[in-house]
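Structure, as structure tokens:
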Amino acid sequence: MSKVVNTEKAPAAIGPYSQAMVVGNLVLTSGQIPIDPATGEIVGTTIEAQAEQVMKNLGEVLQAAGCDYTDAVKTTCFLADMADFAAFNGVYGTYFTGKPARSCVAVKTLPKNVLCEVEVIAELPTA
């Protein structure tokens with residue numbers, strides 16, 4: 001059985017999908033981009049500013065699902081430019097301190113022409 005996760009503290013889905021799903025004890029988030037949930041606008045023009053907003057959005061989705069960054073077991077990161085890899089890692093590393101497994105790839109274009117997008121698989125803490 002699966003459960004849809006939804007929070008107003010993160011951007012609403014911009015298509016036919018949910019912010020995250022809980023399946024068993026796993027949380028699978030949709031990719032988050034640097035949208036301010038209050039305004040619907042893209043935050044920042046640098047990779048650091050955009051990555052910071054992406055992490056905030058992911059944190060809200062994870063919290064709504066019942067977990068946090070320390071529960072992450074796998075992330076997938078998409079960058080518009082691999083030249084931003086080091087700067088992106090600087091922000092990423094302050095949030096994902098547990099060092100989950102990760103893939104990081106450069107893609108031709110991201111939604112709304114943002115610089116980064118991140119999705120997470122996390123394990124719900126046991127009671």
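Observations, loosely collected:
- Applying a 4.7 Å cutoff between beta carbons, the unpaired cysteines of the chain are Cys67, Cys116.
- Tail fraction, Cα-Cα pairs, the chain, threshold 19 Å, whole percent: 43
- With the simple spin-label model, which puts each label point 7 Å out from Cα in the Cβ direction, the Thr97 to Glu48 separation comes to 2.0 nm.
- In this label model, Thr126 and Ala87 are separated by 4.3 nm, measuring between points 7 Å along each Cα→Cβ vector.
- Annotation for Lys9 and Val73: the two label points, set 7 Å from Cα along the Cα-Cβ direction, are 2.4 nm apart.
- The listed residues Lys108, Lys9, Lys74, once ranked by accessible area (1.4 Å probe) with the largest placed first, stand as Lys108, Lys9, Lys74.
- Cα long-axis angle, helix 47-65 against the chain (0 to 90 degrees, to the nearest 10): 10
- Axis angle, to the nearest 10 degrees, between helix 85-95 and the longest C-alpha principal axis of the chain: 30 degrees.
- Pairs with C-alpha atoms separated by more than 25 Å, drawn from the list Lys3/Lys108; Lys3/Lys112; Lys56/Lys112, are Lys3/Lys108; Lys3/Lys112.
- Positive dipole terminus of segment 1-111, leading residue within Leu62, Ala49, Asn25 (C-beta point charges): Asn25
- Beta bridges assigned by DSSP with both partners in segment 20-127 are antiparallel in approximately 75 percent of cases.
- Placing +1 on each Lys and Arg Cβ and -1 on each Asp and Glu Cβ, with no other charges, gives the chain a dipole about its Cα centre of roughly 300 debye.
- Centre separation in Å (Cα based) which lies between segment 71-127 and segment 41-70: 10
- Residue-normalised accessible area of segment 25-123, given per residue in Å² at a 1.4 Å probe: 46
- Cβ-Cβ FRET estimate between Ala38 and Tyr17, R0 fixed at 22 Å, reported to 0.05: 0.55
- As a length-normalised measure over Cα pairs under 8 Å and 6 or more apart, the relative contact order of the chain settles at 31 percent.
The values are calculated or read from the model by the stated rules, or taken from the named source; none is laboratory data. The structure displayed is predicted, hence computed values, not measured ones. Cβ atoms come from the backbone with ideal geometry, glycine included; neighbour counts cover every protein chain shown. Remember, those area values only see protein heavy atoms, side chains included, never the ligands or the DNA or RNA. Shrake-Rupley method; radii C 1.70, N 1.55, O 1.52, S 1.80 Å.
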